1. Can you give me the relative contact order of region 49-139 as a percent, contacts being Cα pairs under 8 Å and 6 or more apart?
2. Please compare each pair in 95/174; 69/95; 174/226 to a cut-off of 32 Å on the Cα-Cα distance and tell me which ones are over it.
3. What FRET efficiency would be calculated for the residue pair residue 201, residue 56, taking the C-beta separation as r and a Förster radius of 41 Å, to the nearest 0.05?
4. Tell me which of 176, 218, 200 sits at the most positive position along the dipole axis of region 163-231, charges placed on C-beta atoms (Lys, Arg +1; Asp, Glu -1).
5. Using Cα-Cα distances under 8 Å and only pairs 6 or more residues apart, what relative contact order does the chain have, in percent?
6. Over region 147-229, what is the relative contact order in percent, taking alpha-carbon pairs closer than 8 angstrom and at least six residues apart?
7. Taking region 147-229 as the region of interest, what is the percent of Cα-Cα pairs per 10 angstrom bin, listed from the shortest bin to the one with the maximum distance?
8. Checking the cross-link filter: which aspartates and glutamates have an alpha carbon closer than 15 Å to that of residue 125, excluding same-chain neighbours under 8 positions apart?
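Please treat every number below as a calculation from the coordinates, not as lab data. Keep in mind it's a predicted model, so treat the numbers as computed, not measured. Quick reminder, even Gly has a Cβ in these numbers, built from the backbone with ideal geometry, and neighbours come from all protein chains shown.
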Amino acid sequence: MTKLRRGTRVPARRRLLVCGLALLASCSQEPLTAADAHADMPVPTRASHSSFSSTRVNGVDVPLRLELKAEVPAELNDVLAFYRAELGKRGWQEKPDGAVIAADRALLVFASPKGPGTLTLDRAKGETIVDLVQRNTEAAARANFLPVPGQARLIFGYRVPDVASLAINDQTIKIAGGVNHPQTLDLPPGTYPYELHVSGHLVHTDSITLAAGQAWFLRLSDDDGKSDQIY
């Protein structure tokens, strides 16, 4: 193994190799670009993984909520700069309310052409984890799932008519039940424990945390899993 001492001249061939490696490293740090320049929810070309999900309801032909999850082998600041640029091209306007930017986490709030949007970035295993959400205000209003300003909306039901009741926020609500007969309840932001009673018996308990402007489908049986945010 060759040792270099101060004053030692490095062979020209080795200098070329070092310069080539430095050039290759600088090339790998080029700005991120969108895999599809026309996609509503942009994904960086260097993403190692990405997936899309949407929330739809009967009678409304467009999704109430779109979500993109991705993993990008790039620094958080680079991914943040990518999304600020790409979402700006798509008419998303960044809002100062609720924004958080730190070395290993970022949360940005937007007003998008279709409704509220959020971008959450985290770091894990040397990659930046992306969670981009867009909510469609018009679609939520058509489905009657849009909460009143400053509150959140719960949507719930029960498959059997006239046997169940929901206890939440110091009130008990009779559930009409049956197929395609959801009921709604608007509540202030907060965390709420709730109980499902069927034919006078307690059959399910859980809690849910709500933020202003959200709509959640409340799961009322153990086999249905967790409640879903639908707007």
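1. Details: 184 pairs, mean separation 27.5, N = 91.
Value for region 49-139: 30 percent.
2. On the way: 95/174 40 Å; 69/95 21 Å; 174/226 22 Å.
Long pairs (Cα-Cα over 32 Å): 95/174.
3. On the way: r = 34 Å, r/R0 = 0.82.
Once the sixth-power term is evaluated, E becomes 0.75.
4. 176
5. Numbers: 449 pairs, mean separation 30.6, N = 231.
Relative contact order here is 13 percent.
6. Details: 189 pairs, mean separation 28.4, N = 83.
Computed over region 147-229, the figure is 34 percent.
7. So the P(r) values, bin by bin, are 19, 55, 25, 2.
8. 71, 75, 104
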